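The values are calculated or read from the model by the stated rules, or taken from the named source; none is laboratory data. Computed from a prediction, not measured in an experiment: that's the story for all the values here. Don't worry about glycine lacking a Cβ; one is built from the backbone with ideal geometry, like all the others, and counts go over all protein chains shown. Areas reflect the complete protein model, heavy atoms only, side chains present, ligands, DNA and RNA absent. Shrake-Rupley method; radii C 1.70, N 1.55, O 1.52, S 1.80 Å.
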Amino acid sequence: MRASLVGLLVCLTSVAFADDETEAPAPGASEYVTQVRAAVEQLHAGDVDGAISALRTAAAANPGSAAAHCHLGTALLRQEQNGPALESFRTCARLARQAGDPLHEGRGLLNTARVLLIDSNGREAREAVAALVTFSQTHPTVLPAEVSAGMQRALEAISALDTTAAAVRQRREARAAAADAD
């Protein structure tokens, strides 16, 4: 049940942001923008390893730019490299906030919360969802409040399921110990 909730949450929040980097770069676009868009196209075409390599190159060449970190996190998540993906999303949010780029900041915050929910990290997930709620209140045109509210409800449901599962586990262990004592 928990896995189903997390899976549904991931699917629903995936539509919160469109991939604007998949369109052809405008004439005169920077090399960085061209690199990131080409890497995103690789990712959409299924070349995850190629996309990761290209995004790492773009991020290294432009360490203060958020977009490559955001898409790198997405590519790493597709390979179930959740730890590195989490760091990429956190870096994306931080760099975007510093640069005044609310679109990538929102993406970074949303994906940070998603990874923490997937990895069952309760305290950090609550903090990430709280940051997401605050962001959606101050940037409603970037991230609708419904998305962050949905994540908050999902987190509460997951927490309730975890509590119930822990109680069931304790009862089973108590019964097993009682049976062993007989």
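Laid out as a table, the results:
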| read-out | value |
| --- | --- |
| Shape of the range 37-121, Cα gyration tensor, a/c cut at 1.5 | oblate |
| Alpha-carbon centroid distance for the pair the range 27-95 / the range 104-132, whole angstrom | 19 Å |
| Length released on extending from residue 157 to residue 127, taking residue separation times 0.36 nm less the Cα-Cα span | 9.2 nm |
| Accessible carbon and sulfur surface of the range 135-182 relative to its total accessible area, %, 1.4 Å | 54 percent |
| Segments 147-154, 131-138 sorted - mean Cβ within 10 Å per residue, highest first | 147-154, 131-138 |
| Surface per residue (accessible, 1.4 Å probe) for the range 90-182, Å² | 55 Å² |
| Accessible area of the range 37-85 belonging to carbon and sulfur atoms, whole % at 1.4 Å probe | 48 percent |
